[in-house]
Amino acid sequence: MIEMLLFYKLSFITSILSSASFSIIGKHFIWRNKFLELFTLCQFAIIGNLVGHLLIPFIHLEVTPLITSIAFFVLGKTLFDILRINSKDRSTRMITIYLVLNSIQFLMISLFPNLETHLNNGLFGSMVTAFDYENMWMISIYGLLLILLFFYNKVISKNSLEISFFQRNKKKTKDEYFLLIPVIIGVFGLGLIYTLSFLSLGAIILANGFSNQRINTLCTAIISIFASVGGLFLSIYFENLSTTPTQVVLLALLCGLVKLSRTKLL
């Protein structure tokens, strides 16, 4: 057992840092009413990932899928800003765009069947099969993110609350891109399902579960860590369990139990 834990030690560290990071920044997308837009932008990133794998035989650069994922994500964000997809029928437009992008993904799979594995990895990812160098750069990114959030989370929260309560669209988008970067990395390295689930589930289920936001943020982060690490451990111990679905289901169960217990206490 100890040997198994030591073998996957980098995956466990990635699990801790990524889940804590997503649980903290997820509420900002929800407060700003940007989560559906984020979900749609992630589809651009997945297409970029697939395009990058098509280009590797010609460019011979292993980081090409990451570069193209970021490029397509930024392209999608730029198009949304230019077209001003922020109107009252925004949700309908986002769903329509998602359906088109999803169709493009599966069209690419039908044309290039070897991309199917990369699409599955883009959706579900897997900490168990990640290489050491992949875990190392994710540990570095999410470790740095947590340090920066320790100093700047109050400022970002202020901006998010102003947008949420006063519908104030700030011209300065530096903090928005600061929040988007770890999401792009998460979709590429950890998969769409894991990233969006740990961004949203805790923030939504436990939205009004605690007396103040500081306690809420801390408790949501702790629950997310337990769910991510616990799901990873279970998927390693029981080989038939898929890592990401186990982590997401465990997160939903833990958040639900905490919410239920808080409701009964109140």
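Considering only the stretch 95-114, state which residues are touching a residue at least 60 places away in the same chain (Cβ under 8 Å) and either in contact with a Cys (Cβ under 8 Å, 6 or more places away or on another chain) or among the aliphatic types (A, V, I, L, M) (or both).
Leu101, Met108
Going through Arg168, Arg214 one at a time, which residue ends up being assigned to a helix (DSSP H, G or I) and at pLDDT below 90?
Among Arg168, Arg214, only Arg214 is assigned to a helix (DSSP H, G or I) and at pLDDT below 90.
Residues Leu79, Leu10, Leu61: which one is under 24 Å from Leu145 (Cβ atoms) and either among the hydrophobic types (A, V, I, L, M, F, W, C) or in contact (Cβ under 8 Å) with a residue 24 or more places away in the chain (or both)?
After ruling out the rest, the residue left standing is Leu10.
When you scan the stretch 55-78, do you find a residue that is exposed (fewer than 14 other Cβ atoms within 10 Å of the Cβ), more than 22 Å from Phe198 (Cα to Cα) and of a type in the set (D, E, K, R), even just one?
Looking through the stretch 55-78, at least one residue is exposed (fewer than 14 other Cβ atoms within 10 Å of the Cβ), more than 22 Å from Phe198 (Cα to Cα) and of a type in the set (D, E, K, R).
Please give the number of the condition Phe178 fails out of (1) farther than 26 Å from Asn121 by Cα; (2) in a helix (DSSP H, G or I); (3) modelled with pLDDT under 90.
Single failed check for Phe178: (1).
Out of all the residues in the stretch 143-154, which are within 17 Å of Gln213 (Cβ to Cβ), loosely packed, with under 13 Cβ neighbours inside 10 Å and not basic (Lys, Arg)?
Phe150, Phe151, Tyr152
(1) in contact with an Asp or Glu (Cβ under 7 Å, 6 or more places away or on another chain); (2) not in a helix (DSSP H, G or I): which one isn't true of Leu61, the others all being true?
Only one criterion is unmet by Leu61, namely (1).
For Phe72, all conditions in the list (1) part of a helix (DSSP H, G or I); (2) more than 27 Å from Thr217 (Cβ to Cβ); (3) in contact (Cβ under 8 Å) with a residue 40 or more places away in the chain hold save one; what is the number of the exception?
Of everything listed in (1) part of a helix (DSSP H, G or I); (2) more than 27 Å from Thr217 (Cβ to Cβ); (3) in contact (Cβ under 8 Å) with a residue 40 or more places away in the chain, Phe72 misses just condition (3).
Just need a number here: residues in the stretch 226-255 that are crowded, with 18+ Cβ neighbours inside 10 Å, within 18 Å of the chain's Cα centre (by Cα) and under 24 Å from Gly122 (Cα atoms).
12
Restricting to the stretch 126-137, and then to whatever is of a type in the set (A, V, I, L, M) and within 14 Å of Phe188 (Cα to Cα), can you tell me which residue is surrounded by the most Cβ atoms within 10 Å (Cβ to Cβ)?
Across the stretch 126-137, the extreme among qualifying residues is Met127.
Any idea which of Ser91, Ser157, Ser103, Ser140 is out of contact with any Lys or Arg (no Cβ under 6 Å at 6 or more places or on another chain), in a helix (DSSP H, G or I), surrounded by 13 or more Cβ atoms within 10 Å (Cβ to Cβ) and among the polar types (S, T, N, Q)?
Unique residue meeting the criteria: Ser157.
The values are calculated or read from the model by the stated rules, or taken from the named source; none is laboratory data. Source: prediction; values computed, not measured. Reconstructed Cβ throughout: ideal geometry from the backbone, glycine too, with neighbour counts over all protein chains shown.
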